[in-house]
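Every read-out reported here was derived from the displayed coordinates using simple, explicitly stated rules and does not represent laboratory data. These numbers come from a predicted model, not from an experiment. All Cβ positions, glycine included, derive from the backbone under ideal geometry; neighbour counts span all protein chains shown.
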C-alpha cells in the first residue's frame, strides 16, 4: 500500500461525505413535502487490504441510501384513517339531515302540525263558521306541504349521496391506477440495485389517501411491487389495476348505484372508510327517517279518517274520509279530493250534523297528544319529536366519533412523523458533521499530494 492508496482513501471519504451532504440537503428541501420520509446514507468501512503485517484499512464507502420508516405506525395510520373517513362522512350526512328538518324553527313540520291541531280545535268550537272551515283547509294544506317538502328534501339528499358513488369510484380508480404506474417505475429503477425512495414515498401517500376511501390491505412482494387488496381480490398487482364501477340498478323502484367490479355484476362487499359510510347513509340512515315520516303520515291519515268518518254532514252524509285513504306516505299524503271539490268545504264534519255539534272535531284536535303509536304508547306529536331527537343523537354521535378518530389519527401521524419526518435541527447538526468530515477528507488528499511531491522531488535531486 502506497501514497496512491492514501489518495484513494481520501477520495472515498470525500465522495461519502459529499453524498451525505446531498442527502441532507434533499431532506431539508422536502421538510414540508406531504408523505416524505427522511433519508440517510448508510456508510461502512471498505474492504481492508491484506499485508504481511496484517490488514490495512482502505477507507470508507457508502453502501445505500435508506428511508427511515416505521411500518407498524404506517399500517396503524391507515387503519385509523378508515374509521375517520367513515365517521366524517356520516357527520356530514347527518348534519344535512338536521338542516332538512330544521328544528327548532317557525317554518317546520312541528309548527305546522300544531297549527293543524289548533285549526281542528277552533273548528270544534265554531263548526258552522265558514272562516273556521277555510282556516282548517289552509292549515291542513300548509302542513301537507311541509310533509311533502320534508320527504322530497330527504329523497334529494339520498339521490345526492347516491350520485357521490360515481365520484368515489372514479377517485378510487385513479388512485389504484397511480399505484400501478408507480409500481412499474419503481421496478424499472430498482432493477439495477438502486432504491427508488422518493417514488416509494409517493406510492405510500397514495395508499394513505386510498385507505380513507375504502378498505384496503397491502403486501409488497420481492420485486418491490405493492399488491393492493380489497377484500380477497387484488385490485392492484404489479403494473395492472382492476377498475371498479358504479352500476345503476333498480332497488325498490328507485335507480340506485351498486359498487361492482368493472364489466361484471359482482358487488364489492368489503368496504370501509368513506365508501362504507356512503352506502350505509344511502341504504340505512336515510331510509330509516323516510320510513318514520311515512309512519307518521300513515297514522295521521288513519286516525283522523277513523274519527271523521263517524261524523255526519248537514244533509246526512256520513263515512267521509278527511284524508285520501290511498295516499299514506309523507310524499303523497293529501286531503280527500271529494272534500276539496266543494268550494264551501261542506263535507268536512265536526259532529253529528247539528250546527253546534263539534264533538268529533274536538276528538281530532286531541289526537296531537293521544297515544296512538308504538302500541299506544306515543302520540303523533311525540313521535315526530322522537324523530328529531334521534337525528340529533345520531348527529352528535357522528360528530363525537369523528372528533375522536381525528385526534387519534393526529396522534398516530405525530408519532409517525417523529420517526420518519424531517427535523431541521437534526439535519443541520448532521450537515455540520459531514461538512467537517468533507474538509478533513480534502485535507487527507492534500497531505497525500504533498507527500507525493516530496517523493518526486527526491527523485529529481538524486539525478
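Tell me the angle of helix 130-190 to the major Cα principal axis of the chain, expressed in degrees between 0 and 90 and rounded to the nearest ten.
Once rounded, one gets 20 degrees.
With a 10 Å Cβ neighbour count serving as the proxy for reagent exposure, in which order, fewest first, do 308, 396, 26, 257 appear?
Taking fewest neighbouring Cβ atoms as first place, the list is 396, 26, 257, 308.
Using the basic label-point model (7 angstrom from Cα toward the beta carbon), what is the residue 352 to residue 403 distance in nanometres?
Here the answer is 6.1 nm between the modelled labels.
From the square roots a ≥ b ≥ c of the eigenvalues of the alpha-carbon gyration tensor of segment 110-255, which class results: rounded (a/c under 1.5), prolate (a/b over b/c), or oblate?
The shape class here is prolate.
Beyond 12 Å, what share of the Cα-Cα pairs of segment 419-460 is found? Please give it as a whole percent.
When every Cα pair of segment 419-460 is considered, 70 percent fall beyond 12 Å.
Calculate how steeply helix 286-308 sits against the longest principal axis of the alpha-carbon atoms of the chain, using the helix alpha-carbon long axis, and give the answer as 0 to 90 degrees to the nearest 10.
It is inclined by approximately 10 degrees.
With all distinct Cα pairs included, what does the Kirkwood hydrodynamic radius of the chain come out to in Å, to one decimal, could you say?
Kirkwood radius, the chain: 28.9 Å.
At residue 163 and residue 432, where each label point lies 7 Å from the Cα along Cα→Cβ, what is the point-to-point distance in nanometres?
6.0
Could you order peptides 410-417, 92-99 by the average number of other Cβ atoms within 10 Å of their residues, highest first?
Ranking, from highest mean packing down: 92-99, 410-417.
Sort the following peptides by mean Cβ neighbour count (other Cβ atoms within 10 Å, averaged over residues), highest first: 219-230, 293-304, 445-456.
Put in order of decreasing packing, that is 293-304, 219-230, 445-456.
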